[in-house]
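Engineer: This is the structure I have questions about; it appears just below.
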Amino acid sequence: MRRSARSFALAALPVALMAQCAPQCAPPPSAPQFTVAYHPSPSMASEVSQLTRDGRFVVLRGLTNDVRLDLADLAATATLPTPAVITADGTAVAQVTGEWHSPRITVSRVLDGAVIATAELPDPWNGGTAMSISDDGRWVALRAYQGDVALTGLLADMRTGRVVPVDAPLGVHWNDRYAYGTYLSGDGSTTVFDYRFDLDGCDGPSQLWAARLGRPLQLVNMTPSVGIPATGCSWVADVSRDGRFVLFSSTSPDVLGSSGTGKVRLYVRDLDARTTVELPVLPVGDGTHASITDDGRRIAFQSDFGCEANRCIAAPAVFDRPSGATVVLHPEGPTWYSAQTEISGDGARVVAAVPSRSPGGSSLLVADLVPS
């Protein structure tokens, strides 16, 4: 059942945790105000994976399929393939079909499944995963496979059917690195991707790159030196709509602008100014599962406060760049678990999965932010 919306500034944290981060946890008076409400999460689909620009539609990830939930009418849902990526208005979905035999990228309408456009994956790629789609549905960024190995990012022009690799001159043979995340800005101008040198996870070095389209192809290095990967794990989280701001996480102490704490920290790379800034999120733990608004002014993330007795404490939060304030959006304070936290492109709404009061269940936290 939906609870009545209430107004909050900074949610109260448990006493022990508050002692760890005071006085940094107290936001300035200019911190964002918000109202919060809870909705039951649809069965078998509880992980938040996307939120549309206006905050109306949220995509929830399930084991066998994804669900597009209309937050204006909680009874209105649409079933999507897993994993699904939708356009900023929530009307079109991109997926990779026909793996191994005749792999292709397909863009179709959400409501009736009608195919809008297709593009075949060229050899040697035998499959992949769609990672993001431009606002107009023309461009799709994907992680491509050769055999069972994710090797590189591809960019598909759904208007012409042309599919091209997005690669980086790392100075090593391509078999020694693996593309994990390939993300596209809403306007289709910028493709950002991360390479890892460890196929089985993120224990080894990694490096992030951005290819800006619509101008002479320029690969922008976001870690210390061209050809020299960061010593820890780094991965792309999101990109602003115009491609200027790249949001990423890293455990590496040698990322440009890093405080060297060794925790999972959040960074914003300004591709125009060529600067990298570590975000002053709640300092007691890690900042993960993040997303950024179209204009790059607000960032939603999961603030991890640590684990005790195999129970990890976390809370959805938002960092407001103009005020420099971080606020926790869960009024009951950090709980034992929360998942992907998404912010709408217009910066007015944050949606996150939090534990429900019933055992084993989950709820959707919907926080509506007062405009900055």
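Only the coordinates and a few stated rules stand behind these numbers; no lab work does. Remember, predicted model here, so these are calculated numbers, not experimental data. Neighbour counts are summed over all protein chains in view; Cβ atoms, including those assigned to glycine, are modelled from backbone coordinates with ideal geometry.
Engineer: Just to check I understand the Karplus step: with θ = phi - 60° and J = 6.51 cos²θ - 1.76 cosθ + 1.60, what whole-Hz values come out for segment 292-300, glycine and proline as x?
Structural biologist: Each residue's phi maps through the Karplus curve to give 10, 6, 4, 8, x, 7, 10, 9, 9 Hz.
Engineer: Kindly rank 156-165, 127-136 from highest to lowest mean number of other beta carbons found within 10 Å of each residue.
Structural biologist: In descending order of packing, they fall as 127-136, 156-165.
Engineer: For D272 and E99, compute 0.36 nm times the residue count separating them, minus their Cα-Cα distance, and round to one decimal in nm.
Structural biologist: This chain segment gains 58.5 nm when fully extended.
Engineer: What ranking do 55-68, 111-124, 290-303 get when scored by the average of other Cβ atoms within 10 Å per residue, highest first?
Structural biologist: Ranking, from highest mean packing down: 290-303, 55-68, 111-124.
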